[in-house]
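Peer 1: Here it is: the structure, laid out below.
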Amino acid sequence: MPGIADITDSLARGLETVQTRTEEFLFEPVIRLGVTGLSRSGKTVFITSLVANLLAPGRMVQLRAAADGRLLRAYLQPQPNDAVARFAYEDHMAALRATPPRWPESTRAISALRLSLQVRPTGFLTGFTGPRTVHLDIVDYPGEWLLDLPLLNQSFAEWSESALALARAEGRAEAAAPFLSALGQAAPLAELDEPQAQALTAAFKDYLAAARAAGFSGCAPGRFLMPGELEGSPALTFCPLPKPETRPKGDSLYAAFERRFEAYKRIVVKPFFREHFARIDRQIVLVDALGAISAGPRAVEDLRVAMADILHAFRPGRNTWLSRILTSRVERIAFAATKADHLHHSQHAALAHIMQALVADARDRAAFKGARTESFALAALRATVEETVSHQGESLDCVRGVLEQTGREAALYPGVLPEDPAALLAPAREGRAEWLEGDFDAMRFAPPELALKPGEGPPHIRLDRALEFLIGDRLL
Ligand code: GDP
């Protein structure tokens with residue numbers, strides 16, 4: 001049964017939507033494009049390069065409106081939602097244009113940007129109407145926040161049980177050891193001692209951060225790593241606790257954490273889904289698949305599970321809290337393995353297949369039908385050039401770029417991705433600690449020097465194709 005608050009939520013949302021939709025239909029349509037992915041998946045670089053490449057679309061040949069010369073002009077507008085920070089496009093471009101160029105600062109919270117596109121309509125309408133304006137509202141938010149959706153259906157005891165089982169799982173032991181030992185010292189039934197509660201929470205957050213750094217993706221609650229504006233608040237000061245044998249008193253640590261867990265859901269998780277997520281109509285999910293592959297099979301399996309949780313947000317079951325508040329339906333979802341410039345193009349198809357396989361399970365589930373989905377291997381900002389090097393009589397397809405650690409230029413051979421994704425996903429599911437054959441090296445290249453010709457944005461790989469899939473139909 002929906003609660004009163006849920007019903008008022010959906011009524012309010014419904015009214016607002018009818019109004020905005022009518023305005024949009026009569027005047028200028030708005031496309032709300034969500035850009036998400038776990039931290040360091042490449043959201044900031046993606047949006048920065050996307051905007052620069054729409055402002056100067058010379059390299060966007062796979063975007064039909066640009067190739068046909070119908071994209072007449074693109075310009076930035078004030079961000080229409082006063083409650084959300086503006087995506088710092090100019091700062092990010094300035095970092096990329098600095099000498100030497102720097103990668104921009106990564107996403108830490110939600111932000112948005114409005115880019116307006118002036119397009120000449122095609123076909124039948126061409127002779128009757130002048131150019132029309134389509135607003136592209138780009139909403140950048142941490143993928144970690146989507147991982148919070150399952151918490152809404154869990155009690156504190158249920159969540160604690162699964163979170164503690166995950167912390168004790170093989171592969172995470174090293175990252176979790178200090179937290180588990182601090183937990184061993186804690187007395188959940190004793191009276192709440194705030195400094196102790198904070199120390200325990202800090203140990204839990206350190207564990208999540210260490211697991212993330214080791215390549216693991218499932219690190220809920222999402223705000224613990226990406227707190228946004230709520231850093232240090234009581235709603236973010238709790239951690240999983242083993243269920244006590246006896247009923248905890250109201251002033252105990254356990255009861256306090258249980259209340260805070262509920263507060264987290266009410267004041268952190270629900271407002272994000274209601275106010276931001278529910279309004280998105282096109283979505284791109286960025287995935288650092290190469291990063292997970294180089295971290296090993298356990299990281300790949302963890303990524304697969306996290307992707308399933310993320311996808312769940314886009315197709316919630318009927319009559320769940322989320323399905324009741326969704327006002328727009330996500331019609332298209334692109335899954336993109338980022339940083340494809342770490343590979344020679346001969347391996348891009350294999351990377352796109354791996355991306356597809358990572359989301360296949362979740363996508364095939366009946367509940368997920370309805371949206372069009374496609375997988376891509378892309379680089380929002382190409383930092384390398386290709387080079388074939390001969391090594392011990394063999395020719396190796398390498399990529400050349402400036403290495404971030406040393407500032408020196410080098411040609412690197414990352415290893416070979418298997419043609420069949422099962423060769424990676426099967427050992428990952430079996431829980432192996434290492435790949436059987438060959439390792440895949442993690443790489444970090446410095447951003448390229450941007451010497452852009454007039455009318456051209458930064459170099460990229462398949463950014464235009466992904467955008468054509470996402471919004472091409474709305475620019476006709
Ligand atoms: P966010 O946390 O999702 O906002 O991730 P960022 O956009 O800040 O990207 C994280 C890091 O990934 C950057 O600092 C770069 O080192 C790297 N990166 C992102 N996109 C690309 C790309 O297209 N090519 C390369 N070579 N590296 C990238």
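The values are calculated or read from the model by the stated rules, or taken from the named source; none is laboratory data. For clarity, every value in this text was computed on a predicted model and none was experimentally measured. Because the Cβ atoms are built from the backbone with ideal geometry, glycine has one as well, and the counts that use them run over all protein chains shown. Note: accessible area is taken over every heavy atom of the protein model, side chains too, but ligands, DNA and RNA are not part of it. Shrake-Rupley method; radii C 1.70, N 1.55, O 1.52, S 1.80 Å.
Peer 1: Only one of these is more than 13 Å from the ligand (Cβ to nearest atom) and within 21 Å of L381 (Cα to Cα): R70, R40, R97. Name it.
Peer 2: Among R70, R40, R97, only R97 is more than 13 Å from the ligand (Cβ to nearest atom) and within 21 Å of L381 (Cα to Cα).
Peer 1: Further, regarding this structure: Which pairs do you get when a residue that is assigned to a helix (DSSP H, G or I), found in the range 65-81, comes within reach of a residue that is open to solvent by 50 Å² or more (accessible area, probe 1.4 Å), reach meaning Cβ atoms under 6 angstrom, with the pair 6+ apart or on two chains?
Peer 2: A67/V61
Peer 1: Continuing with this model, one more query. Keeping to the range 331-341, report how many residues are more than 7 Å from the ligand (Cβ to nearest atom), open to solvent by 10 Å² or more (accessible area, probe 1.4 Å) and touching a helix residue (DSSP H, G or I) at 6+ places or on another chain (Cβ under 7 Å).
Peer 2: Total meeting the criteria: 1.
Peer 1: Just a yes or no: is a residue in the range 131-143 under 25 Å from P448 (Cα atoms), in contact (Cβ under 8 Å) with a residue 12 or more places away in the chain and away from the ligand (no atom under 16 Å from the Cβ)?
Peer 2: No, the range 131-143 contains no residue that is under 25 Å from P448 (Cα atoms), in contact (Cβ under 8 Å) with a residue 12 or more places away in the chain and away from the ligand (no atom under 16 Å from the Cβ).
Peer 1: Between residues in the range 453-476 that are touching a residue at least 40 places away in the same chain (Cβ under 8 Å) and residues that are among the hydroxyl-bearing types (S, T, Y), which pairs lie under 7 Å by C-beta distance while being six or more apart or on different chains?
Peer 2: G457/S49; P458/S49; H460/S49; L463/S49; L476/T122
Peer 1: So which residues in the range 446-476 are open to solvent by 30 Å² or more (accessible area, probe 1.4 Å), among the hydrophobic types (A, V, I, L, M, F, W, C) and closer than 14 Å to L117 by Cβ?
Peer 2: Correct list: L476 only.
Peer 1: Another one. Answer yes or no: is there a residue in the range 250-263 that is part of a loop (DSSP other than H, G, I, E, B), over 30 Å from D441 (Cα atoms), within 16 Å of the ligand (Cβ to nearest atom) and not β-branched (V, I, T).
Peer 2: No - not one qualifying residue is present in the range 250-263.
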